[in-house]
Amino acid sequence: MESFVTTFDSVVDDALFWLSDHAAFVFDAVRLVLEGLYDGVLWLLMLPPFWAVAVIAGLIGWRALSWGFGIGGAVALAACAAMGLWGETMQTLALVVAASVIALAISLPLGVLAGLMPRLDRALTPALDLVQTLPPYIYLLPAIALLGFGPATALVATVIVAVPPAIRLTSLGIRQTPGEFLELGQAVGASRAQMFWKIRLPFAVPSIMAGINQSLMMAFGMVVIAGIVGSGGLGETIYGAIRTLDIATSINASTAIVVLTMLLDRLTQAAARRS
């Protein structure tokens, strides 16, 4: 048994070394694309002053939920700036947004296919179980080996963690279309495309929105952990505060994370209810 484990570990290490030696140009290109996406999102978030972002977030919160939530959200974001963590807060938000966009671009089409194809759904289930069961730190190790330290590694690990909830809930929504509506569509001669766009998808939207919400929450948890790989943002701030036992800074950064998480969570939940 020990020899098998040793051989397996050697094969994995050799495979990583081979990839880093022979496919470095591929991973360099991937890193450039991911960092370019992150830098673009961060540039958009940092372009307006902090008070403008707070006001916009407050208006969105007022329209989506209530005036109380809007005012509270605006004040909470202004507090992040008052604590001197506005740049780190926007870096964290940029990581979450960039990772969520990539994760949803992968998971939504795959979830739809899984909902329409039971065999694919059964094949994906153990893979998704494995991804969600392994400790999140695991995904940082091969990413560091192939992409190095920085935002690209954080994005890859965050995408891996954020994909499973959206796939599962999208597939579930597609599968749970009431049978009587499918029979009605068949009775009126609807094509397969019409059945999907006009019957299956509208019924699946609430479940899809719940999947998007859960992906965002998983992404927030992962970008904080990814602070140890130099991703920037509040995760790196907390990691640095832990190493220096700076309790005040760690509390401030944790508060900013809670603010961002609650804002996006409540807004996506409101969008799911409206859908």
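As a calculated quantity, the FRET efficiency between Gln186 and Leu44 at R0 = 35 Å, using C-beta atoms, amounts to about 0.15. Just how far, in whole angstrom, is the range 98-158 from the range 7-84 if you go by their alpha carbon centroids? After rounding, the separation between the Cα centres reads 17 Å. Helix screen, the chain: DSSP H segments with Cα axial length of 27 Å or more and mean Kyte-Doolittle hydropathy at least 0.0 are 2-22, 24-46, 86-116, 151-175, 201-225, 247-274. Treating r as the C-beta distance of Asp21 and Tyr137 and R0 as 35 Å, the FRET efficiency rounds to 0.90.
Under 13 Å from a label point set 7 Å out along the Cα-to-Cβ vector of Leu201, no amide N atom of the range 158-172 is found.
Computed from label points 7 Å out along Cα-Cβ, the spacing between Val12 and Asp265 is 3.3 nm. For the range 129-187, the fraction of alpha-carbon pairs lying more than 12 Å apart is 72 percent, rounded to a whole number.
Among the protein heavy atoms of the chain, carbon and sulfur supply 71% of the accessible surface, probe 1.4 Å, non-protein parts ignored.
FRET efficiency for the Arg119 to Ser3 pair, using the beta carbon distance and R₀ = 22 Å, is estimated at 0.05.
The values are calculated or read from the model by the stated rules, or taken from the named source; none is laboratory data. The model shown is predicted, which means the values in this text are computed figures rather than measured ones. FYI the Cβ positions are ideal-geometry reconstructions off the backbone, even for glycines, and counts take in every protein chain you see. Ligands, DNA and RNA are stripped out before the accessible areas are found, and what is left, the full protein with its side chains, is counted by its heavy atoms. Shrake-Rupley method; radii C 1.70, N 1.55, O 1.52, S 1.80 Å.
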